[in-house]
Amino acid sequence: MQGKTPGAEGVIWDLSHLYKGPDDPQIEKDLGEVKARAKGIEETHKGHVKDLTPQGLHDLVRELEALNERFARIAAYAQLDFSTNCTDPQKGAFLQRIREEGAEIQRHLVFFDLEWQKVPEDLASTILKDKTIEHYRHYLAFLRRLAPHTLSEEQEKLLIDLSPVGKSSWITLFEKVMAHLRFGAEERTQEEVLSDLYSPDRNVRKKAHKDFTEGLKQEE
C-alpha cells in the first residue's frame, strides 16, 4: 500500500454547523454580544460577589457558564478552521484574533474567581451547603481550592494579556512549521508519514520512521 493515496485528498471538515466561514456575519454578532455581556457582568457584580445570596450566586455562575459556552463555539470554530490548513496565513490571523478577543473577555470576568476565593470560609461553607447551589457546588469548591495558587487581580490580568502571545502562539508556530514540511521521496505530510507507524507491516513502519527522522534532521 506504500505510495498509494488514501483517496481523501482535498477532504476537509464541514464546519458549517458552527459558522459558514471566517467572514460569517454571525461570528461578529456573537462576539460583540459576548463582549458586551462580559463587560456588563463586571460592571454589575464586581466588588459584590461576597454579598450574593445562594440563588444570586447560582444565577451568576449559570450566566458565566452560558457566556463561556458561547465564546467556546467561536474559539472552537477558529481552531478547527485553522487545522484544515495550517499554512493559510488568513486562517492563522483569524485564530490569533479570536484568542486576543478571548483574552479581552476574560479580563472582564477574572474578578469572579478572585472574589469568590476571598469569601470568608464560614460563609462560603454555608453557601455551598445550600441546595440552591447544588448544581455548581463542585465547581465552586474547586475554585476555592485554587486560592493558594492564584495571584492578585493585576497579576492575573497580566497573565491573561500575555496568553495570546504565550504558549498558544508557540504551538501555532510549531503547527505552521510542521505543516510546511514534507517527508521522504513521496514528499508526504507529517500526518501521512506518522500514520504509517501504525501499519501492521514492519517494513512500512520502518520506512516511515526513517523518512520522518531524516526529514527533521534536514531542518536542523
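Derivation of every value follows stated rules applied to the coordinates shown; laboratory data play no part. Here the structure is a predicted model, which is why all the values come from computation and not from measurement. In this analysis, Cβ positions are derived from the backbone assuming ideal geometry, glycine residues included, and neighbour counts consider all displayed protein chains.
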Requested in this report: Among PRO25, PRO164, PRO200, determine the one that fluctuates most according to a GNM of the chain built with springs between C-alpha atoms less than 10 Å apart.
Outcome: PRO200
Query raised in the report: Cα atoms only, the chain: Rg and Dmax in Å?
Result: 23.3, 68
Query raised in the report: Can you tell which of LYS46, LYS118, LYS207 shows the greatest fluctuation in a Gaussian network model of the chain with Cα springs below 10 Å?
Result: LYS207
Query raised in the report: Given R₀ = 41 Å, FRET efficiency for SER16-GLU104 by Cβ-Cβ distance, to 0.05?
Result: 0.90
Report task. Normalise the Cα radius of gyration of the range 58-126 by 2.2 N^0.38 Å (N = residues in it) and let me know the number. Result -> 1.53
**Report entry** ARG188 long-range amide H proximity, modeled H, under 5 Å
**Finding:** PHE183
Query - Shape metrics for the range 50-164, restricted to C-alpha atoms - Rg then Dmax, Å - result: 17.2, 54
Query raised in the report: Under 18 Å from a point 7 Å along the Cα-to-Cβ line of GLU42: which residues of the range 162-205 have their amide N that close?
Result: 162-165
Report summary line: For LYS207, counting only lysines whose alpha-carbon sits under 24 Å away and dropping same-chain residues fewer than eight positions off, the answer is LYS4, LYS217
Report task. In nm, give the distance between the simple-model label positions of LYS118 and ALA72, each being 7 Å from the Cα along the Cα-to-Cβ direction. Result -> 2.8
Query - Gain on full stretching of the segment that runs from LEU216 to SER199 - 0.36 nm per residue minus C-alpha separation - result: 4.0 nm
**Report entry** Sites matching GluC sites (Glu not before Pro) across the range 144-196 that sit in DSSP coil, with at most 15 neighbouring C-beta atoms within 10 Å
**Finding:** GLU186, GLU187
